[in-house]
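First the structure, in the form of structure tokens, and then the observations on it.
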Amino acid sequence: MKPPLDPRRKQQLAAIHAGAKQLALDEDTYRDLLQRVTGLRSAADLSEGQRLDVLRELRRLGMPEAKRPW
């Protein structure tokens with residue numbers, strides 16, 4: 001069962017999905033990135049620390065910095 005969406009979690013998930021889109025990652029590449037960084041293939045299952053790790057990796061790969069830090 002997935003945890004309820006708190007505002008920060010929702011923002012982080014939106015940023016992850018937006019970053020994957022900005023980097024033009026296809027579904028398999030996106031899920032491979034999640035698995036490589038966190039060991040999981042679904043962003044919905046990530047802890048806050050794992051979400052931040054994924055955001056750092058997306059930025060390293062060229063995703064523009066967000067206007068506000070997560």
Task: Members of the stretch 1-21 that are touching an Asp or Glu at 6+ places or on another chain (Cβ under 8 Å) and either outside any helix (DSSP H, G or I) or crowded, with 16+ Cβ neighbours inside 10 Å (or both) - done: LYS2, ARG9, GLN12
TODO: Scan (1) at pLDDT below 95; (2) surrounded by 13 or more Cβ atoms within 10 Å (Cβ to Cβ) for the single condition GLU65 breaks and write down its number.
DONE: (2)
Task: Of residues in the stretch 22-53 being closer than 24 Å to ASP6 by Cα and in a loop (DSSP other than H, G, I, E, B), the one least open to solvent (accessible area, probe 1.4 Å) - done: LEU46
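The values are calculated or read from the model by the stated rules, or taken from the named source; none is laboratory data. Every value quoted in this text rests on a predicted model; they were computed, and no experiment measured them. So basically every Cβ, Gly included, is an ideal-geometry build from the backbone, and we count neighbours across all protein chains shown. Ligands, DNA and RNA are excluded from the accessible area calculation, which covers all protein heavy atoms including side chains. Shrake-Rupley method; radii C 1.70, N 1.55, O 1.52, S 1.80 Å.
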